[in-house]
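Heads up: the structure comes next, in structure tokens.
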Amino acid sequence: MTRKPLPRKPASSRRAEPKPVKKPVVKKATTKNTAAKKSRARIKPIESASVEEVFRRFHKIEPEPKGELEHVNAYTLLVAVVLSAQATDAGVNKATRALFKRVDTPKKMIALGEEKLRDYIKTIGLFRTKAKNVIALSEVLIHDYKGEVPDDRDALQKLPGVGRKTANVVLNMAFGHPTMAVDTHVFRVSNRIPLALGKTPEQVEAGLEKIIPAAFGMHAHHWLILHGRYLCRARKPECWRCPIADFCRFEPKSQPNE
């Protein structure tokens, strides 16, 4: 039996497929922060003569700046800097005062052991990982360097828990090298003034090494750290009492009542 085809509906009764609706393009509103970032991107670093004057003023205020991490030798300095990652110097000092009275060599640290070390530094952030790294780096120092801290950046950076910033701090404070340890304070201050612009600590470090006069190289990173920690803070920089405000291109300058 042949089935008859169903009659087709007239064209007028057919449903037309709906056309895709184009979503309206919404332009993102430009925030003040975005505008400020774009404005900052166009600012060029200050001139070399101004850089020299900036550090001359820092030197006049504090001729011999010191790092604020307490230590008794190169080894305890290394341990303190490793512990200071994502922690304040004050918090590290509070934890290590008792520790360094008992432990001041890699051999003594190994004898202390990881569990007891954790008890000393448990008030510091990431203390479990840091304790593991301190024990591990102490073992490497004993096996590879006769218990001494190496005066070499590459060797230091191969130690557990030691990055470039830590290596630079140790080289500067323990061995007298004019290194540039770029922490969050140095990174912020350098980009804010600006002295050397960079999106990474390594870029800022390379830029600062090129422009800082040799006469100020030994203490430069200490001056920048202290300036960023106590005056040129991230949220409320005290621009009204800044000794280098006339060179700084950061805007808007904050006022005492802000």
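Please treat every number below as a calculation from the coordinates, not as lab data. Note that this is a predicted model, so its numbers are computed, not measured. Positions of Cβ are generated from backbone atoms using ideal geometry, with glycine treated the same way; all protein chains shown enter the neighbour counts.
Would you please state the base-10 log of I(q)/I(0) at q = 0.14, 0.18 1/Å for the stretch 74-175, with intensities from the Debye formula using one equal scatterer on every alpha carbon?
Normalising to I(0) and taking log10 leaves -0.45, -0.77.
What's the center-to-center distance, using Cα atoms, between the stretch 184-252 and the stretch 123-150 in Å?
Using only Cα atoms, the two centres lie 31 Å from each other.
Working out 0.36 nm times the residue gap between Phe175 and Leu231, then minus their Cα-Cα distance, what length gain in nm do you get to one decimal? Let's see the in-between values first.
Details: separation 56, 0.36 × 56 = 20.16 nm, distance 2.85 nm.
In short, 17.3 nm is gained.
Ratio of the stretch 131-177's C-alpha Rg to 2.2 N^0.38 Å, to two decimals?
Against the compact-globule rule of thumb, the ratio is 1.06.
Suppose each label sits 7 Å from its Cα in the direction of the beta carbon; what would the Lys199-Ile142 distance come out to in nanometres?
4.5
When only DSSP loop residues count, what trypsin sites (Lys or Arg not before Pro) in the stretch 61-146 have their Cβ near at most 11 other Cβ atoms within 10 Å?
Lys66, Lys122, Lys146
Where Lys and Arg each count +1 and Asp and Glu each count -1, what net charge lies around Ala167 among other residues with Cβ under 10 Å from its Cβ? Please list the in-between numbers first.
Working: positive: Arg153, Lys158, Arg164, Lys165; negative: Asp152, Asp154.
Overall, the nearby charge balance is +2.
Across 10 Å bins from 0, what is the distribution of all Cα-Cα pair distances for the stretch 115-258, in whole percents?
Values per bin, smallest distances first: 11, 32, 30, 20, 7, 1.
Can you list the trypsin sites (Lys or Arg not before Pro) in the stretch 203-258 that are in a DSSP coil and have 16 or fewer other beta carbons within 10 angstrom?
Counting only loop positions with at most 16 other Cβ atoms within 10 Å, the trypsin sites (Lys or Arg not before Pro) in the stretch 203-258 are Arg233, Arg235, Arg249, Lys253.
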